[in-house]
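Before any comments, here is the structure.
The values are calculated or read from the model by the stated rules, or taken from the named source; none is laboratory data. This structure is a prediction, so every number in the text was calculated from the model and none was measured. Cβ placement follows ideal geometry from the backbone for every residue including glycine, while neighbour counts extend to all protein chains displayed.
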Amino acid sequence: MNINKRDVLIRRIETGDFAAIECIEEDSNFDDSMIVEELNPMFNEHSDLVEYIGWVAEYNGDIQGYLIAFKIRSIPYLTAVARCNVKLDAQRNGIGSLLMKKVEPKKAGLKTTIECDDEQYGALNFLGSLGYIVTQATEPEYDIDGEKECAGYFVLSKEKRQVLELKNRLEMYPYHGE
């Protein structure tokens, strides 16, 4: 499907979007697909610990993708992306980039993280193209017979840092010459 990203509407997730999100999840073949019963408390119940935020990408009235993230209230500078998913036939049209832009750190000191399975090469390339870097890696776990029990994963982060003036940068690397 060819989609002009200028025609894509990015808006907050509403309760009526849950069924469409569940359908996108089913088509993605995730091991841990989200279902309506999980989405409802995320977006309709208050928590003192976590605040869930989410957006959908809508094109011609149909939801093409979504992003679900959360903030831990005691760590206000950090946003963690729980899921960013675009329909297979709508990928490579800039929809994922539009969604990820909603959680991009905008002020110095803010940080966004996302976990990615170590074998999701397309997702790793996509996140790298957005400026995310690997900040943590966990190796896969195998049983006695050599069968994979638990996949490895990467944690990728994007952080907005304070711009350093030339004077401050030079102080970071002192010159020890004559």
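Taking the criterion of being at pLDDT 75 or above, assigned to a loop (DSSP other than H, G, I, E, B) and surrounded by 11 or more Cβ atoms within 10 Å (Cβ to Cβ), the residues of segment 134-178 that qualify are 140, 151, 152, 160. If you filter segment 108-119 down to residues that are part of a loop (DSSP other than H, G, I, E, B) and in contact with a Phe, Trp or Tyr (Cβ under 9 Å, 6 or more places away or on another chain), you find that the one that is nearest to residue 158 (Cα to Cα) is 110.
Looking across 63, 72, 68, one residue alone is surrounded by fewer than 19 Cβ atoms within 10 Å (Cβ to Cβ), in the same structural domain as residue 9 (by TED's automatic domain parsing) and either β-branched (Val, Ile, Thr) or touching a Gly at 6+ places or on another chain (Cβ under 8 Å) (or both). It is 72.
Among the conditions (1) assigned by TED's automatic domain parsing to the domain that holds residue 152; (2) surrounded by 19 or more Cβ atoms within 10 Å (Cβ to Cβ), residue 124 misses just one, which is (2).
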